[in-house]
Amino acid sequence: MVKRKLVSVVDDDESVRESLPDLLRSFGLEVEPFACAEAFLASASLQRTGCLILDVAMPGMTGPELQQELNRRKHDIPIVFVTAHSVERVRPQVLQRGAVACLFKPFSETAILEAVNTALGKG
Amino acid sequence: MEIELSRLIEALPGLVWTARPDGRADFVNRRWCEYAGTRPEQAIGHGWRSAIHPEDRDRLLDRWRAILESGQPGEVEARLRRHDGAYRWFLFSAAPLADPSGRVVKWCGVATDVDERVRAEQAVRAREAQFRSIFDGLPVLVTLMTPDGGLDLANRHFLEFFGVSLEAWKEGWPNASSFHPEDFPVVHEAWRRSAGTGERYDLEARRRRADGVYRWMRLRGFPLRGPQGQIVSWCSLQTDIDDAKIAEAKLAAEKRLLELVARGVPPPVVLEALCRQVEALAPGCFCSILLVAPGQERFLVGAGPSLPDSYNAILHGKTIDPGYGPCSLAVALKAPVITADLQKDSRWASSVWPPLMAEHGLASCWSMPILSSAQDCLGVFAIYRCEPEAPTAGEAELIDRFTNLAGIAIERAQADAELKAREAELSQAYRRLTEAQRLSKTGSFTWDVQADEHNWSEEIRRIFGFDARTKVTMAMIQAAIHPEDAPAVEAVIGRAVEGANFDLVFRILGSGGALRYAHVVAHRIEEITDRPMFIGALQDVTENKVAEEALNRARDDLAHVARVTALSALTASIAHEVNQPLAGIITNASTCLRMLAADPPNLDGARATAQRTIRDGNRASEVIQRLRALFARKSPATEPVDMNDAAGEVLALSSGELQRRHVVLRTDFTDGLPAVSGDRVQLQQVILNLILNAADAMGGVDDRARELLVATFRDEMGHVALSVRDTGVGIEPQNLQKLFDTFYTTKAEGMGIGLSVSRSIVESHEGRLWATVNEGPGATFSFSLPCGSGRAPGENPGARTTEGKAAARQMLGKT
């Protein structure tokens, strides 16, 4: 089984889509940003993704919905949720469904790297 | 001798004739023939008779026969026809010629022309007759008296008045007893004085007429003097002034009574005086006045001063019964009822009234209804007599006139009573009005602009601090007005001079420095067209004003609470808005550090990430600034507000929240809208409220898209409007009005202040806020504001006129 090393970032916020891939790339990771869940699902990267960094609140399909869709499709991609909402109730829900972590924006470099590494390690 | 005699006879200056003893003429002279135009032989015998005037002939012949029989000389006057047919008066004188034995042998006669004398005598007699007829015909009693007062001559009226002949009078008619005993001494004294001094006299006295009735006469006398100035006789003129005297007495009595009525003397006094006057004018009468109170069936004694008390007592309170007596019947018939002879009047045969009359010695009763000007029966005027008598024409007239007077007196009294009652009512109404004005702190006034006449009620004086006696002038009013409000008041006065109505709130600066707010409303009195005259009310609205200020403060507090509440709902979204760029900043900063630390350093990358850091920092900063502006509590300010900008900022803050709630936001902003004038933060609060309400309304909607359409546009009034349309649960039409009430809410967590605060904000900007039910699902909330003329709440406008009605209402706490 080929190790999937691709980190996909799905976030409707442009500044996240710009900054986070650059940071992760500086650690030697391959990163691909998507502006919405639908674009990610439709992309070829779906199969190669070893870690999905996923925003919770997005227009159209939300992060937790994408998680459920992936579960339904049996895509066992480790997911790191990032959210700007300090809403506590989403967190246990997504973790219970198998997410690796759920980080609140703004997050530290250490926290995101640790979560990504954990995810990739799992894969 | 014969010839000589004959010539002598012919020469005599007269008509000469001779006759035989039997009277037959045997000679006429030439002058006779010349005068009569006859020949001598025609006159001889009885021929001369035909020349005598037919009217005189018989008398002359009778006389001639008498002379012949007497044998004595005699004469007679008669008219003799002249030759030309004219008659002239002649004196025929005849004398007998006797023989020595005394036997008449011949009659000698002369006819002398006496025409002028006779005619003069006739003229004198005619004048005398004329004088006599004038004397007798004079409508006064005329006498000529000797200087000592003895009767010399009296005219026919005099003799007829006293029913005596001149001769009888001269023979000793009792002059003194022809005067009324009370008047004779006065007359006698006056005569005595005039006889002494020769001065004329003029006096009034009663004299007894032939029928025994005393009549008032006016007696005037003056002396007639002889050539030496001595009094030769007195001429006396007497005029019957009795009718005039009575009329005068009646008039005087009426005048006295009318004066009493006019003076407002109490009716019992007037009516008693009336009775006494009539009793004085008609001796032997007893007067009674009975009153009928309106709607009453009983008599009340109005007056009866000469009737026995016991009789009056029976009449007082007597039920009006036409079968009882003439007074009752007169009321029923509204016509006079005369009972001339009680004993013979069958109308009262079964009544107890006649015995009652008899008991009091009364025998006749004349009852006259007293009618008002509206022909209502006010009472009865009755005259009683002890003898059975019917009223004479004079008495009937007297009764008529005084009944009329009684009516006037009673009506006047009733009118007085009514007037007093009305006055009392009016003064009570005035007291109540004053009290009501005091309680409502509202004074009333009228103002004659040109005359500077101010009619002020007590309350308006109290509000201004003017005492009740001071005459109010415009200068006084102007001095009492707060200097800041003076220009507005001046403007109103300027327009009032031209007749414009006014409605104004201004401040009064009392003498003690106390400040009062007054609201005045005045309208021109339309009935007065020649000059502006206003009627108005002025209310002391100081308390309202103070309450309103408290209300304004409370509303500001409430608005703040509402704002904070609304913003609290945004906390999560706002955190999201801030966290989002913060995440970018930290991530970029980390990347930047790593790029700089690489070997070789990636400077280009570091620069790009640093720039993104700055951009995200600005983005976070903007959010914070917007937030701070909305949370800040500043006093309201007026500034031009671009509705699109204001709405855009609110949407920027709330878009995260909307997104979180899965609300699809669409905007439809009209470009180029004019700015509105107002408080930006307050208006944004309204927009935010509407947006959050719309989002709340769609919270439970899962079967359709949650769509929010925010649109700006100009409404049909040209105002700038903003509407927020949702696809939520909508509004029940019956709740459309309640929506805006404070503390009305359909939300479990809501306080129900959002919409009421929003409406009060919009209205304080002179705009309006309303809700409509969509044709599809959901509701639309809109508000509109006038362009550029808005006014922020809490601003003190000083004085305003009716042009700012909404604001005035607000000032008065009527919103």
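The values are calculated or read from the model by the stated rules, or taken from the named source; none is laboratory data. Nothing here was measured: the structure is a model prediction, and the numbers come from that model. Note: ideal-geometry Cβ built from the backbone for every residue, glycine included; neighbour counts use all protein chains shown.
Taking only the stretch B:585-633 into account, find how many residues are touching an Asp or Glu at 6+ places or on another chain (Cβ under 7 Å) and either more than 8 Å from every other protein chain (Cβ to nearest Cβ) or at positive phi (or both).
Residues in the stretch B:585-633 being touching an Asp or Glu at 6+ places or on another chain (Cβ under 7 Å) and either more than 8 Å from every other protein chain (Cβ to nearest Cβ) or at positive phi (or both): 2 in total.
Quick check, is B:Glu707 at pLDDT 85 or above, within 14 Å of chain A (Cβ to nearest Cβ) and either over 29 Å from B:Ser621 (Cβ atoms) or surrounded by 19 or more Cβ atoms within 10 Å (Cβ to Cβ) (or both)?
For B:Glu707, the condition - at pLDDT 85 or above, within 14 Å of chain A (Cβ to nearest Cβ) and either over 29 Å from B:Ser621 (Cβ atoms) or surrounded by 19 or more Cβ atoms within 10 Å (Cβ to Cβ) (or both) - is met.
Quickly run through the stretch A:3-31 and pick out the residues that are without any contact (Cβ under 8 Å) to a residue 40 or more places away in the chain and farther than 18 Å from A:Asn117 by Cβ.
The answer is A:Glu14, A:Ser15, A:Arg17, A:Glu18, A:Ser19.
For the stretch B:369-415, name all the residues that are in contact (Cβ under 8 Å) with a residue 60 or more places away in the chain, farther than 24 Å from B:Leu356 by Cβ and charged (D, E, K, R).
B:Asp376, B:Arg401, B:Arg412
Pick from the stretch B:655-688 the residues that are assigned to a helix (DSSP H, G or I) and within 14 Å of chain A (Cβ to nearest Cβ): which of them is surrounded by the most Cβ atoms within 10 Å (Cβ to Cβ)? Lay out the reasoning, then the answer.
From the stretch B:655-688, those assigned to a helix (DSSP H, G or I) are B:655-660, B:680-688; that's our starting set.
Then drop every residue that is not within 14 Å of chain A (Cβ to nearest Cβ), which leaves B:655-660.
Numbers: B:Ser655: 16, B:Gly656: 23, B:Glu657: 20, B:Leu658: 20, B:Gln659: 18, B:Arg660: 18.
It comes out as B:Gly656.
Is it the case, given these coordinates, that A:Arg89 is charged (D, E, K, R) and more than 28 Å from B:Ile585 (Cα to Cα)?
Against the criterion (charged (D, E, K, R) and more than 28 Å from B:Ile585 (Cα to Cα)), A:Arg89 does not qualify.
Exposed (fewer than 14 other Cβ atoms within 10 Å of the Cβ) and in contact with a strand residue (DSSP E or B) (Cβ under 9 Å, 6 or more places away or on another chain), is that true of B:Ala415?
No: the conditions fail for B:Ala415.
Show me the helices (runs of 4 or more DSSP H) entirely contained within the stretch B:9-106 in which 3 or more residues are under 22 Å from B:Arg119 (Cα atoms) and in contact (Cβ under 8 Å) with a residue 60 or more places away in the chain. Let's see the steps before the verdict.
Values: elements: B:30-36, B:40-43, B:54-70.
Here the list is empty.
Could you look through the stretch B:130-152, keep only residues that are touching a Phe, Trp or Tyr at 6+ places or on another chain (Cβ under 8 Å) and of a type in the set (A, V, I, L, M, F, W, C), and pick out the one that is farthest from B:Trp234 (Cα to Cα)?
Filtering the stretch B:130-152 for residues that are touching a Phe, Trp or Tyr at 6+ places or on another chain (Cβ under 8 Å) and of a type in the set (A, V, I, L, M, F, W, C), the one farthest from B:Trp234 (Cα to Cα) comes out as B:Leu141.
Given the conditions (1) away from chain B (no Cβ under 12 Å); (2) at pLDDT 90 or above; (3) closer than 24 Å to B:His576 by Cβ, report the number of the one that A:Ala111 does not fulfil.
Condition (1) is where A:Ala111 drops out.
Just name the residue that is surrounded by the most Cβ atoms within 10 Å (Cβ to Cβ) out of those in the stretch A:42-66 that are in a loop (DSSP other than H, G, I, E, B) and within 14 Å of chain B (Cβ to nearest Cβ).
Looking at residues that are in a loop (DSSP other than H, G, I, E, B) and within 14 Å of chain B (Cβ to nearest Cβ), I get A:Val56.
With the requirement that a residue be within 11 Å of another protein chain (Cβ to nearest Cβ), buried (at least 17 other Cβ atoms within 10 Å of the Cβ) and not small (Gly, Ala, Ser), what does the stretch A:6-41 give you?
Those that are within 11 Å of another protein chain (Cβ to nearest Cβ), buried (at least 17 other Cβ atoms within 10 Å of the Cβ) and not small (Gly, Ala, Ser): A:Val9, A:Asp11, A:Asp12, A:Asp13, A:Val16, A:Arg17, A:Glu18, A:Leu20, A:Pro21, A:Asp22, A:Leu23, A:Leu24.
Could you look through the stretch A:67-105, keep only residues that are in contact (Cβ under 8 Å) with a residue 24 or more places away in the chain and among the basic types (Lys, Arg), and pick out the one that is surrounded by the fewest Cβ atoms within 10 Å (Cβ to Cβ)?
Applying the filter and picking the extreme gives A:Arg97.
Name the residues in the stretch B:421-474 that are part of a strand (DSSP E or B) and exposed (fewer than 15 other Cβ atoms within 10 Å of the Cβ), would you?
Selection gives B:Glu453, B:Asn455.
Can you name the number of the only condition in (1) at pLDDT 80 or above; (2) of a type in the set (A, V, I, L, M); (3) crowded, with 19+ Cβ neighbours inside 10 Å; (4) not in a strand (DSSP E or B) that B:Ala518 fails?
The one condition B:Ala518 does not meet is (4).
Taking into account only those residues within the stretch A:9-29 that are part of a loop (DSSP other than H, G, I, E, B) and among the hydrophobic types (A, V, I, L, M, F, W, C), which is modelled with the lowest pLDDT?
By that ranking, first place goes to A:Phe27.
Anything in the stretch A:67-89 that is within 14 Å of chain B (Cβ to nearest Cβ) and part of a loop (DSSP other than H, G, I, E, B)? List them, or say none.
A:Ala84, A:His85, A:Ser86, A:Val87, A:Glu88, A:Arg89
Scan the stretch B:486-507 and report the pairs whose first residue is at positive phi and of a type in the set (Phe, Trp, Tyr) and whose second residue is at pLDDT below 90 and not in a loop (DSSP other than H, G, I, E, B), with Cβ atoms within less than 9 Å and a gap of 6+ or a chain change.
Listed by first residue and then by second, the contacts come to nothing, as the list is empty.
Checking A:Ala115 against (1) part of a helix (DSSP H, G or I); (2) more than 26 Å from B:Arg660 (Cβ to Cβ), only one condition comes out false. Which one?
Among (1) part of a helix (DSSP H, G or I); (2) more than 26 Å from B:Arg660 (Cβ to Cβ), the lone unmet condition for A:Ala115 is (2).
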